[in-house]
Amino acid sequence: MKFVLLWSDALFFLLLAACLGGIWWARRNPQLAAAWRDVGRSRVGVAGAAVLLCFVAIAFLDSLHYRERLPQAPGVAEAQAQFGIEVLSALDALLAKQKTQTEKTYSAPLATHLFAKESRSDGQGRDFPRLKFGGRHLGDAGDRDADVFKRVAGGAVGGLAAGLLLALVARRYLRPRADWFAWNALLWTLTLILIGSGILAALMPYYHVLGTDKVGQDVLYLTLKSVRTALLIGTLTTLSMLPAALLLGIVAGYRGGWIDDAIQYLYTVLNSIPGVLLIAASILMMQVVIDTHPEWFSTAAERADARLLSLCVIMGVTSWTGLCRLLRAETLKLRELEYVQAAQAFGVSGFSIMARHILPNVMHIVMISVVMDFSGLVLAEAVLSYVGIGVDPTTISFGTMINMARMELAREPMVWWSLVAAFCFMFVLVLAANLFADVVRDAFDPRGRAS
Amino acid sequence: MSNLLSVRNLSVQIGAGRPVDDVSFEIKPGETFALLGESGCGKSMTALAVMRLLPPAARLIGGKVEYAAADGAARQLMALTEAEMRRMRGGGIGMIFQEPGTSLNPVMSIGRQIEEVLDLHLGLRGEPARRRARELLDAVGIPDAGRCLDEYPFQLSGGMKQRAMIAMTLAGEPELLIADEPTTALDVTIQSQVLDRLKQLQRERNMGMLLITHDLGVVERMADHVGVMYAGQLVEVAPREQFFSSPAHPYSKKLFAALPERAGRGQRLSTIPGRVPPLDTQHVGCRFAPRCSEAFADCAAIAPGWHAQPAGQQVRCHLYDPARMDMRQAENTAPPATAAHETPPPASPLLEVRDLKVHFPIRKGLLQRTVGHVPAVDGISFSLQAGRTLALVGESGCGKTTAGKAILQLVQPTAGSVQLGGVELTGLAGSELQPLRAQAQMVFQDPFASLNPRMRIGAIIAEGMRALGQREGVPERIAELLEQVGLRADMATRYPHEFSGGQRQRIAIARALAVSPKLLICDEPTSALDVSVQAQIVNLLHDLQQTLGLAYLFITHNMAVVDYLADDVAVMYKGRIVEMGNAEQVLGHPQHAYTQTLLAAAFTRMRGAA
Amino acid sequence: MLTYLIRRFLYAIPILVGVNLITFGLFFVVNTPDDMARMQLGAKRVTPEAIAKWKAERGYDKPLLWNAEAQGLAKATDTIFVDKSLSMFVFDFGTSEDGRDIMTEIRTRMGPSLAIAVPVFILGLWAAVTFALLLVFFRGTYLDFAGVVLCVAMMSISSLFYIIGGQWLVSKVWHLVPISGLGAGLDAARFLILPVIISVVGGLGGAARWYRTIFLEECNRDYVRTARAKGLSELAVLFRHVLKNAMIPILTGVVVLIPSLFLGSLLIESFFGIPGLGSYTIDAIGAQDFAVVRAMVFIGSVLYIVGLWLTDISYTLVDPRIRLS
């Protein structure tokens, strides 16, 4: 086995580390701690954060990439081990069954037979063939509904039990330490998630819980793999342009004069190109670059990863202008404040003033804009992928799932499950992010606090 | 005569706190009742409760308000339906707010805003309404009322806006006027004009008035009866003459004593220690007890009741309880020792300003060419000796703050010379200015904007020292400075939001002192503070001057503070110094007409306050 | 004020030049015409001759900025930059891959785009403002809370879901309106009603919630308290005082979009088979038709800049502080 660190993995881990660092920093600073405590007090905020954390956990597992070692070919030296061309992740390993046990084509959720009729092997007319893997343990005569019910009940009870155990532990040991925290909201959310995953865990080994797609891939597996793409696009996009937005916004606001004019000109120009078209043009051009330089990428995964990152950067270029403008406006206000003038009276250099007096006092805007942009970007990815200017077609994402499923809408009866699965997961993710973002904004926005 | 308005046991709750607690008073037609108190004591909340316009978070939890109109109908305001109450608002009871700048709708013309009231309460529309609106604007003393009708608030000056606001309030022909700090946001000279006009209109229309203010001068000029509020309660109610001749409650006495006066030159101001208690304090005993110099055992334990004094004066204080007279420990409340105000011998000037000009360009036209200049500071000259105080006096917009900043080169002067200790400052590059920055520092107006909320107090004070290259002994120096300005050394690790306005101003002073300057430019350092806290800061500045030999350039519009602190006075008007000289001379025998107006406006407020 | 508007108008010129340079850089410098040709022709059949032919057919065979072989003035004018980039300033976009004149195509497709975008814009603004005012009128009650939750939920649903779900339910299950296409004359209404409703509903949540915060912010201003102290009813306060002030920030976000209505809606048009500029753009992106994408980028920027200018004008109409100073 050989670990593979894709660029996006590195950035994702860096982001996680930055979050941990941020938590450590916030604990030391009473004002930040107070704002975060407000978030922790809010039931909606805590529930949203809990759901988001589950998604992050999935994405984390999906970011631990490796290539499998191929069986040693005879006569090859031990040192020259051969590795598979496919880049796998820890999530793939966990869901090995879902990944490998593909059917021939569409099958409905929890089905035991294919969705389309085929000529029978004995040549006697057409029939729904039996699935290769889904419900195989039932044999031919098994009662599927009873089996499913039994497993669902078992999974639910298991999940509930785990949830209750967690609640007991939390009430006993954690609540006394921080009684302001909305423990109940956290525990309710976690219990619901545990019940859901309990049911899934009970069914997954035996059925395709959410059916299979055109080429027989398990839809649940695809949905879980999409989570990482969505999270990466939602976070890396804003972060990729954050340094530029911060630097230009603050410098424009603080320095003023021709520097301000130049920076304003730059972002008005970028802003005036319709976002979709700029993304389309840039992605088409990026595709040309990637296609003409196949030697840069050793695996297909790396190529897809490059396209994903370039998408993030390009979307960042189209969206950083808003943040830059906000930062500039805030800096203009801060520049006139007396503590900045006091520092000027001491002859503190412009750079130090920007770093020590302006930057810490605009960070709440950055914070709010990162969380507020997240959900919009997740939704945008789906649309862009649908238009064909999103992620690489081989990257599994909500957008590519919807794009593929859309073709089959006209089919009678309809193939609805992959669409519904993608939409539902996206809805839960975006809703959680929206609710969390609202709470964060209320806690950090000084205007919201006054009223 | 029967009461126009009688308020009985009014209480308002916000969260756990009671900003208005058991307040009772009455107002007769044609009479003015003044609610006096520092910010946060519940005056405005009382007025809003009477109007039933409390903010959503506040809840009325008890009390009755009876309003008896001239037509003889008495109404319980708290029992009216919302629709009935709306007819009272603007009709029976009119209200004037503090900030004329924000209290008028910015996108509606003045005429329309007045006509709205006429339509609503008198049914006047169209041409008659317009005529009436014009008459009203005439009545409040707006010149060219016809044009003003079509103007928008932003086109009027602060004083004119407040007049328009008064006209709008009068449009509904109210019998009771509630005026919430009607002149606080205005310049002194404008203040007295607006107050005069208000008083005249009140007399003409025989209106009752509930006047809310923190300014003893305004009370003295306007009120018939005075109610002093502290921490949500009325603590003293008295007729004006009685109140000004012998204030009864220790808090009232302290308010008088904390005013810097003409008589008290060079003397320490009497201060009230501590601060107004926060809203959610659970009170046992007298609310003022923790800050009261005459408090005794019972004060902290038992809430005092009302005690009637002669001449209709009432006071909520144990001192006036005949039963407790003997328990009171006789306390010597002699004023602190007087520090002799020595005038240091004249030396070569520390600061020499010659013909300083700051012009801001006006840009116009397609290419934004500079077509003219606004002369914010238009050629001022003065000099300041080491250890002396020069007060730069003037109203807002006269350029005094810009002048202060131009001296420190925070604003680029257009022309003129500034010499600090014999070195010319104008035209020096950033690095050349650096050594001179240690000699002159600034204390700003707004203590809430002058400290970076994200930095610890220690880091804030150390910033100047670091920037000017002092690296050694910084923590020790911070501790020393904090104690010098009356704070504790261990406060260095805290953040600004934990401190009150007065404490923050002390921190700002410590920051400026950190680099051992010889000159301190104080830009309205007390104007954002409550009266009792103002006195603390003025005393501190005075003491620091005595011990450190600092020179002050004191920028202010507060004549009383000038009178107390300044050796010399320069009066600024429209960017120029119109009069300058020895403080005694300028304040005692003002020569320039503007100085005379300024002083007349300021000191009518002080008269009788002694 | 007039000089202000003229100045803002002149400000558009350097911005358009900037846009033009960016598109030029993106389409001709980052990637050369050779790269485009290779991509268009597909990796397998690429011979130098094929590339040269492809370039010659489209006029990409000239030098980028300086034609050393030409004579006189043509040295500077007979280049890709002048042919393909500068020519856009006079709305000459050349032809698309299928040989049609792009400007003609744009002109014929504007109508259908406007037919759908204008109703969506007006209805959407009206619905969102009304909904937001309703929530503000009931602020602090459970109705307000439920409304906000509804808004957040609606915002969290992908626009693709509204389209796919709406099309499936209304057209396919209920058979109320045709699934796609566009009829002529009044018949067009039958085709347009569903896409319009879907767009309005899809945008309602986010817009209503945004307007609600603007209204609430205005409601906390001092002048609103003054209006109440005058004795005005809550409705009069909202409509006469709050709405007019709140229109100023709302205008900033909305007026700038008006010219872009010409571009139509990408998704709606392509899903409902409406022959507007939105579906034109999508098809061009799908077919990697660079000439069309470049033209649309330029047109989009022009319309956006016109939108900025209209915003300035509308400000002066609504805000006396700008009109009179």
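The values are calculated or read from the model by the stated rules, or taken from the named source; none is laboratory data. On a predicted model such as this, the values are computed, not experimentally measured, just so you know. When we count neighbours, we look across all protein chains shown, and the Cβ atoms used for this are built from the backbone with ideal geometry, even at glycine. Just so you know, the surface numbers come from the protein's heavy atoms only, side chains and all, with ligands and any DNA or RNA stripped out. Shrake-Rupley method; radii C 1.70, N 1.55, O 1.52, S 1.80 Å.
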Subject >> C:LEU194 aliphatic (A, V, I, L, M), assigned to a helix (DSSP H, G or I), away from chain B (no Cβ under 14 Å) and more than 30 Å from A:VAL378 (Cα to Cα) >> reply: no
**OP:** Could you tell me which of the residues C:ARG221, C:ARG212 is open to solvent by 30 Å² or more (accessible area, probe 1.4 Å), more than 27 Å from C:SER158 (Cα to Cα) and of a type in the set (D, E, K, R)?
**Re:** C:ARG221
Original post:
So which pairs qualify, if the first residue must be in the stretch B:161-185 and within 11 Å of chain C (Cβ to nearest Cβ) and at positive phi, the second must be in a helix (DSSP H, G or I) and crowded, with 24+ Cβ neighbours inside 10 Å, the Cβ gap must be under 7 Å, and the two must be at least 6 apart or on different chains?
Top reply: none
**OP:** Name the residue, out of C:ALA76, C:ALA37, that is farther than 24 Å from A:SER282 by Cα, open to solvent by less than 60 Å² (accessible area, probe 1.4 Å) and part of a helix (DSSP H, G or I).
**Re:** C:ALA76
Original post:
Taking the stretch A:1-36 on its own, how many of its residues are more than 30 Å from A:ARG69 (Cβ to Cβ), in a helix (DSSP H, G or I) and polar (S, T, N, Q)?
Top reply: 1
Original post:
Restricting attention to the stretch B:445-454, does a residue exist that is closer than 18 Å to A:PRO360 by Cβ, open to solvent by less than 40 Å² (accessible area, probe 1.4 Å), of a type outside the set (A, V, I, L, M) and in contact with a His (Cβ under 6 Å, 6 or more places away or on another chain)?
Top reply: yes
Original post:
If you scan the stretch B:350-372, which residues turn out to be open to solvent by 20 Å² or more (accessible area, probe 1.4 Å) and touching a residue at least 24 places away in the same chain (Cβ under 8 Å)?
Top reply: B:GLU352, B:ARG354, B:ASP355, B:LYS357, B:HIS359
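Conditions tested, residue by residue: (1) open to solvent by 40 Å² or more (accessible area, probe 1.4 Å); (2) outside the structural domain of B:LEU195 (by TED's automatic domain parsing); (3) more than 32 Å from the chain's Cα centre (by Cα).
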| site | (1), (2), (3) |
| --- | --- |
| B:VAL107 | no, yes, no |
| B:GLY123 | yes, yes, yes |
| B:ASP138 | yes, yes, no |
| B:PRO143 | yes, yes, no |
**OP:** Can you give me the ranges of the helices (runs of 4 or more DSSP H) entirely in the stretch B:394-483 with at least 3 residues that are among the hydrophobic types (A, V, I, L, M, F, W, C) and within 26 Å of A:ALA355 (Cα to Cα)?
**Re:** B:457-467
Original post:
Taking the stated definitions as given, is B:GLN155 within 11 Å of chain C (Cβ to nearest Cβ), under 29 Å from B:HIS557 (Cα atoms) and surrounded by fewer than 20 Cβ atoms within 10 Å (Cβ to Cβ)?
Top reply: yes
**OP:** Please tell me if B:GLY464 is free of Cβ contacts under 8 Å to residues at least 40 places away in the same chain, within 30 Å of A:ALA34 (Cβ to Cβ), open to solvent by less than 50 Å² (accessible area, probe 1.4 Å) and of a type outside the set (Lys, Arg).
**Re:** no
Original post:
Taking the stretch A:402-433, which residues are within 17 Å of A:ALA108 (Cβ to Cβ), in contact (Cβ under 8 Å) with a residue 40 or more places away in the chain and assigned to a helix (DSSP H, G or I)?
Top reply: A:MET404, A:ALA405, A:TRP417, A:SER418, A:ALA421, A:ALA422
Original post:
Residues B:ALA68, B:ALA133, B:ALA73: which one is without any contact (Cβ under 8 Å) to a residue 24 or more places away in the chain, under 17 Å from B:GLU173 (Cβ atoms) and out of contact with any His (no Cβ under 8 Å at 6 or more places or on another chain)?
Top reply: B:ALA73
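This table checks each residue for (1) at pLDDT 90 or above; (2) more than 9 Å from every other protein chain (Cβ to nearest Cβ); (3) open to solvent by less than 20 Å² (accessible area, probe 1.4 Å); (4) over 24 Å from A:ARG356 (Cβ atoms).
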| site | (1), (2), (3), (4) |
| --- | --- |
| A:GLY253 | yes, yes, yes, no |
| A:ILE279 | no, yes, yes, yes |
| A:PRO294 | no, yes, no, yes |
| A:GLU302 | no, yes, no, yes |
| A:ALA306 | no, yes, no, yes |
Original post:
C:LEU65 passes all but one of (1) without any contact (Cβ under 8 Å) to a residue 40 or more places away in the chain; (2) open to solvent by 40 Å² or more (accessible area, probe 1.4 Å); (3) over 30 Å from A:LEU266 (Cα atoms); which number fails?
Top reply: (3)
**OP:** Have a look at A:LEU203, A:LEU266 and point out the one that is more than 14 Å from chain C (Cβ to nearest Cβ) and either within 27 Å of the chain's Cα centre (by Cα) or open to solvent by 50 Å² or more (accessible area, probe 1.4 Å) (or both).
**Re:** A:LEU203
Original post:
Residues in the stretch A:185-199: is at least one open to solvent by 70 Å² or more (accessible area, probe 1.4 Å) and more than 25 Å from the chain's Cα centre (by Cα)?
Top reply: no
Subject >> Residue ranges of strands (runs of 3 or more DSSP E) in the stretch B:517-610 with at least 3 members touching a residue at least 12 places away in the same chain (Cβ under 8 Å) and open to solvent by less than 10 Å² (accessible area, probe 1.4 Å) >> reply: B:519-523, B:551-556, B:568-573
Original post:
Which residues, taken from the stretch B:205-242, are assigned to a helix (DSSP H, G or I) and among the small types (Gly, Ala, Ser)?
Top reply: B:GLY217
Original post:
Looking only at residues in the stretch B:457-474 that are more than 9 Å from chain A (Cβ to nearest Cβ) and at pLDDT 90 or above, which one is nearest to B:ARG511 (Cα to Cα)?
Top reply: B:ILE461
Original post:
Which is touching a Phe, Trp or Tyr at 6+ places or on another chain (Cβ under 9 Å), of a type in the set (Lys, Arg) and away from every other protein chain (no Cβ under 13 Å), of B:ARG130, B:ARG75?
Top reply: B:ARG75
**OP:** Could you please give the count of residues in the stretch C:286-325 that are touching a Gly at 6+ places or on another chain (Cβ under 6 Å) and either basic (Lys, Arg) or within 9 Å of chain A (Cβ to nearest Cβ) (or both)?
**Re:** 1
Original post:
Does B:GLU82 satisfy the criteria of being within 13 Å of chain C (Cβ to nearest Cβ), without any contact (Cβ under 8 Å) to a residue 60 or more places away in the chain and among the charged types (D, E, K, R)?
Top reply: yes
**OP:** Kindly provide the set of residues from the stretch A:400-409 that are out of contact with any Ser or Thr (no Cβ under 8 Å at 6 or more places or on another chain) and open to solvent by less than 80 Å² (accessible area, probe 1.4 Å), ordered by number.
**Re:** A:ARG406, A:GLU408, A:LEU409
**OP:** Hey, can you tell me all the residues within the stretch C:262-282 that are open to solvent by 30 Å² or more (accessible area, probe 1.4 Å) and either more than 12 Å from chain A (Cβ to nearest Cβ) or in a helix (DSSP H, G or I) (or both)?
**Re:** C:PHE262, C:LEU266, C:SER270, C:GLY273, C:PRO275
**OP:** Provide a single number: the residues in the stretch C:224-246 that are in a helix (DSSP H, G or I), crowded, with 21+ Cβ neighbours inside 10 Å and small (Gly, Ala, Ser).
**Re:** 3
